[in-house]
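**Q** My questions will all concern the structure given below.
The values are calculated or read from the model by the stated rules, or taken from the named source; none is laboratory data. Computed from a prediction, not measured in an experiment: that's the story for all the values here. With ideal geometry, Cβ positions are generated from the backbone for all residues, glycine too; neighbour counts draw on all protein chains shown.
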Amino acid sequence: MRRFIRNAWLRGRAAKGVPRKPRPHGPLTIEARRRTAIRNLLVLSCCCLCLLLVPVEVFPWGGATHAYFARELSQGRLNGEEIYGALVPDLFNLDINSPYYFLFVAQTHRHLAKLKREARRQGLDAFAFGFVSHNERWGADRKAHRYRGNGQPNYVLGKSRLLGSELRPSVQTLLEEAGVPFAFLLADRVSVELSHTLVEMAIDVMIKRNEGPGIGFKILHSAQERPASIQDLLIASYGKPLARYMAISEEEAGDVIREAETEFQQLMIQYGESLVQEESEACRRLADQGAGLMRGLLESATGKEVPVTAEFIADSLTQAMRLVEEDYAPEIESTLVYLKRHLDSSRYLRRVLRRAEE
């Protein structure tokens, strides 16, 4: 309709003898096109950058929380490998810019049959027990990812949004100081992702304070003493899908998995060492670790050195702890009840516990 009106208007002007204004040409047109191309490129770059910061799904529980769930389910009947097993499905969570990220996260959280068979063959049932307890199909992550009634988000996501709104101005300032383009647009996503990690950390600190004072030592010991054959188990379980997806050899896929597990083990050792400390020192160490991880993630995504300091993370972690300390416990308890119900109905988990008692 608008085109029809415009054409009729032009015909009327032509009938009155009013010449049609010629379109610009020459250097002006070239300059206009150049500006348009640059603008479109910047918008496209911003969109790509936003996508880099969006993970495939939300992982609502931190390492100490998953370790606590595994400990409560096993009730001390296994050899401690279940603690590290409960952490390993998140092996690639921090490497969201990796080309392997989407496939491997989906594999480790949803495809468990081959891992269970291989674990039985290699004598790693305790590790597999913890690994399976984490899963997205019916495990701890499945319970946590469900939305509550009336469309309410899960507990961690809801708290993350509250914290994110408080941190957004500071996050935007950090991005602007680093010279990141479109900082005002990226601040929303970065603040939500940062807040999500901080809420997970805050709940882990609460678990250490109340439900599991020794959970840091269990994580540390389990990570330090994990059998080297766990890498072989992961390769046997997930090497072929990774090789097929990335069009690389199975040997190369195995190298990818070995490197990722080695780095993850060291990260969990550091995390356990932090949680072994008194709470104030634990929070300080977690802030140091979190600041380093956040700087690396942002530099990988933006190409800029964003000045995320340990002091900023420590203050933000304190805010997160205030947000969760009054009401996190019922959420932990309901998840544990849910997992125990599935333990009772899972032949595999019951079989692992029965074999451990023989």
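**Q** Scan segment 258-272 and give yes if some residue there is under 24 Å from Gln75 (Cα atoms), more than 20 Å from the chain's Cα centre (by Cα) and in a helix (DSSP H, G or I), otherwise no.
**A** Filtering segment 258-272 down to residues under 24 Å from Gln75 (Cα atoms) leaves 265, 268-269, 271-272.
Then drop every residue that is not more than 20 Å from the chain's Cα centre (by Cα), which leaves none.
No - not one qualifying residue is present in segment 258-272.
**Q** Among what's in segment 145-164 and is at pLDDT 65 or above and among the small types (Gly, Ala, Ser), pick the residue that is surrounded by the most Cβ atoms within 10 Å (Cβ to Cβ).
**A** As a first pass, look at segment 145-164 and keep what is at pLDDT 65 or above: 152-164.
Imposing the further condition that a residue be among the small types (Gly, Ala, Ser) reduces the set to 158, 160, 164.
Values: Gly158: 15, Ser160: 27, Gly164: 22.
Ranking the candidates gives Ser160 first.
**Q** While we're on this one: Which residue pairs have Cβ atoms closer than 9 Å, lie 6 or more positions apart in sequence or on different chains, and pair a first residue in segment 214-238 that is at negative phi with a second residue that is surrounded by fewer than 23 Cβ atoms within 10 Å (Cβ to Cβ) and among the hydroxyl-bearing types (Ser, Thr, Tyr)?
**A** Close Cβ pairs satisfying both conditions: Gln231/Thr262.
Conditions (1) surrounded by 21 or more Cβ atoms within 10 Å (Cβ to Cβ); (2) farther than 30 Å from Gln231 by Cβ, marked per residue:
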{"residue": "Ile248", "(1), (2)": "no, no"}
{"residue": "Glu259", "(1), (2)": "no, no"}
{"residue": "Glu281", "(1), (2)": "no, yes"}
{"residue": "Ala291", "(1), (2)": "no, no"}
{"residue": "Ser300", "(1), (2)": "no, no"}
{"residue": "Thr335", "(1), (2)": "yes, no"}
{"residue": "Arg351", "(1), (2)": "no, no"}
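**Q** Looking at segment 304-358, what helices (runs of 4 or more DSSP H) fall wholly within it and have at least 2 residues that are over 17 Å from Asn135 (Cβ atoms), in contact with a Gly (Cβ under 8 Å, 6 or more places away or on another chain) and touching a residue at least 40 places away in the same chain (Cβ under 8 Å)?
**A** Values: elements: 310-324, 328-345, 347-357.
Hits in segment 304-358: 310-324.
**Q** Tally the residues that are among the aliphatic types (A, V, I, L, M) and surrounded by fewer than 20 Cβ atoms within 10 Å (Cβ to Cβ), restricting the search to segment 263-279. Lay out the reasoning, then the answer.
**A** First, the residues of segment 263-279 that are among the aliphatic types (A, V, I, L, M): 267-269, 275-276.
From what is left, the residues that are surrounded by fewer than 20 Cβ atoms within 10 Å (Cβ to Cβ) are 267, 269, 276.
So the answer is 3.
**Q** If you don't mind, another one. Give the residue, chosen from Leu194, Leu175, Leu233, Leu242, that is in contact with a helix residue (DSSP H, G or I) (Cβ under 6 Å, 6 or more places away or on another chain), more than 25 Å from Val132 (Cα to Cα) and part of a helix (DSSP H, G or I). Talk me through it step by step, then tell me what you get.
**A** On the way: Leu194 fails: in contact with a helix residue (DSSP H, G or I) (Cβ under 6 Å, 6 or more places away or on another chain); Leu233 fails: more than 25 Å from Val132 (Cα to Cα); Leu242 fails: more than 25 Å from Val132 (Cα to Cα).
Of the residues listed, the single one that is in contact with a helix residue (DSSP H, G or I) (Cβ under 6 Å, 6 or more places away or on another chain), more than 25 Å from Val132 (Cα to Cα) and part of a helix (DSSP H, G or I) is Leu175.
**Q** Here's a follow-up. Could you go through segment 278-297 and let me know if any residue there is farther than 30 Å from Glu177 by Cα and either assigned to a helix (DSSP H, G or I) or not small (Gly, Ala, Ser) (or both). Working first, answer last.
**A** First, pick out the residues of segment 278-297 that are farther than 30 Å from Glu177 by Cα: 278-279.
Cutting the leftovers down to either assigned to a helix (DSSP H, G or I) or not small (Gly, Ala, Ser) (or both) gives us 278-279.
Yes, because at least one residue in segment 278-297 is farther than 30 Å from Glu177 by Cα and either assigned to a helix (DSSP H, G or I) or not small (Gly, Ala, Ser) (or both).
**Q** Now a separate question. Which residues, counting only those in segment 63-116, are among the small types (Gly, Ala, Ser), at pLDDT 90 or above and closer than 21 Å to Gln265 by Cβ? Spell out how you get there, then give the answer.
**A** Residues of segment 63-116 that are among the small types (Gly, Ala, Ser), as a first pass: 63-64, 67, 70, 74, 76, 80, 85-86, 98, 106, 113.
Going one step further and asking which of them are at pLDDT 90 or above, we end up with 63-64, 67, 70, 74, 80, 85-86, 113.
Once the filter is applied, which keeps residues that are among the small types (Gly, Ala, Ser), at pLDDT 90 or above and closer than 21 Å to Gln265 by Cβ, segment 63-116 yields Gly63, Ala64, Ala67, Ala70, Ser74, Gly80, Gly85, Ala86.
**Q** Kindly provide the set of residues from segment 301-358 that are among the β-branched types (Val, Ile, Thr) and either touching a strand residue (DSSP E or B) at 6+ places or on another chain (Cβ under 8 Å) or over 21 Å from Ile207 (Cα atoms) (or both), ordered by number.
**A** Pass one, segment 301-358, residues among the β-branched types (Val, Ile, Thr): 302, 306, 308-309, 313, 318, 324, 332, 335, 337, 352.
Within segment 301-358, Thr302, Val306, Val308, Thr309, Val352 meet the criteria.
**Q** Just the residues that are under 28 Å from Leu297 (Cα atoms) and out of contact with any Phe, Trp or Tyr (no Cβ under 6 Å at 6 or more places or on another chain), please, taken from segment 101-129.
**A** Within segment 101-129, Phe102, Ala106, Thr108, His109, Arg110, His111 meet the criteria.
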